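Participant: Please find one structure pasted underneath; my questions will follow.
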């Protein structure tokens, strides 16, 4: 069996920046074990598998597909950058003829449209609730050291903990964090926390003017630090929309690779997440 595979850098238009995902359009389903083996072999934060829902469809003519995401160690319920990359493969390489493609996923239907030079995803919003910082003292210490923390919130629907650095910190504090992700993982084995967002209010003096910055750590899923994370912005986008009183925001994830996300929090409890992509590899998996 031969399976096409693409490596697509998401949330960037520059090769080797943003977040890389491996995308496999499949003519037929594989076993869960094979999905996981391929994802482990790709060894990226996410490998996505696109399959047809209607056998009479092709990747060019179909408008609805099934989509699953795997880290090197496990299947996940929601992934933004690999959804963006999957849409890019369909539109750019499979020449899909539809204005919108819809993916059926563990998180429900996710629609993606082409917009300008990029794509916009229709995602669920996962608002976090404020927490007592003392309950997460160990995680906070490992994540941000002695830097001042202004707020701590938790999205129980995604198990993502959001740690907001004080406004007195600048971007260099966030980018300079040295996080021991093995220690971070050992801080919570209850399952209550499976990802940590460290975030900071943007500076009005920056160019471009980002509304907020973040980094994201998910060693519980085999991802020490994720370069640019769409799913984390379903949490941080909700948080910052309320704090800033804004529906539309521009966010930047400050990993070494870095990437920008255009966000729009909607009144129907969902969020639009937009970004660009660039394909850096096209090949074949031989089984």
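The values are calculated or read from the model by the stated rules, or taken from the named source; none is laboratory data. Treat the numbers as computed from the prediction; the structure is a model and nothing was measured. Don't worry about glycine lacking a Cβ; one is built from the backbone with ideal geometry, like all the others, and counts go over all protein chains shown.
Participant: What pairs come up if the first residue lies in region 62-73 and is crowded, with 16+ Cβ neighbours inside 10 Å, the second is assigned to a loop (DSSP other than H, G, I, E, B), and their beta carbons are under 6 Å apart, counting only those six or more places apart or on different chains?
Facilitator: 63/98; 64/53; 69/46; 69/79; 71/222; 72/43; 72/222
Participant: For region 182-208, which positions are out of contact with any strand residue (DSSP E or B) (no Cβ under 7 Å at 6 or more places or on another chain), touching a residue at least 40 places away in the same chain (Cβ under 8 Å) and in a loop (DSSP other than H, G, I, E, B)?
Facilitator: 188
Participant: While we're looking at this one, here's another question. With the requirement that a residue be in contact with a helix residue (DSSP H, G or I) (Cβ under 9 Å, 6 or more places away or on another chain), buried (at least 23 other Cβ atoms within 10 Å of the Cβ) and not in a helix (DSSP H, G or I), what does region 77-104 give you?
Facilitator: 101, 103
Participant: Could you tell me how many of the residues in region 18-35 are over 20 Å from residue 121 (Cα atoms) and in contact with a strand residue (DSSP E or B) (Cβ under 6 Å, 6 or more places away or on another chain)?
Facilitator: 3
Residues checked against (1) touching a strand residue (DSSP E or B) at 6+ places or on another chain (Cβ under 8 Å); (2) not in a helix (DSSP H, G or I):
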residue: 110; (1), (2): yes, yes
residue: 123; (1), (2): yes, yes
residue: 126; (1), (2): yes, yes
residue: 141; (1), (2): no, no
residue: 146; (1), (2): no, yes
residue: 163; (1), (2): yes, yes
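Participant: Among the residues of region 47-76, count how many are farther than 14 Å from residue 194 by Cβ and in a loop (DSSP other than H, G, I, E, B).
Facilitator: Result for region 47-76: 12.
Participant: Something else about it: Among the candidates 259, 237, 275, single out the residue that is out of contact with any helix residue (DSSP H, G or I) (no Cβ under 9 Å at 6 or more places or on another chain) and buried (at least 20 other Cβ atoms within 10 Å of the Cβ).
Facilitator: Going through 259, 237, 275 in turn, just one is out of contact with any helix residue (DSSP H, G or I) (no Cβ under 9 Å at 6 or more places or on another chain) and buried (at least 20 other Cβ atoms within 10 Å of the Cβ): 237.
Participant: If residue 39 satisfies every condition in (1) touching a strand residue (DSSP E or B) at 6+ places or on another chain (Cβ under 9 Å); (2) closer than 28 Å to residue 117 by Cβ but one, which is the exception?
Facilitator: (2) is the only condition that residue 39 fails.
Participant: Is there a residue being outside any helix (DSSP H, G or I), under 20 Å from residue 9 (Cα atoms) and either at pLDDT 95 or above or assigned by TED's automatic domain parsing to the domain that holds residue 99 (or both) anywhere in region 27-38?
Facilitator: Scanning region 27-38 turns up no residue that is outside any helix (DSSP H, G or I), under 20 Å from residue 9 (Cα atoms) and either at pLDDT 95 or above or assigned by TED's automatic domain parsing to the domain that holds residue 99 (or both).
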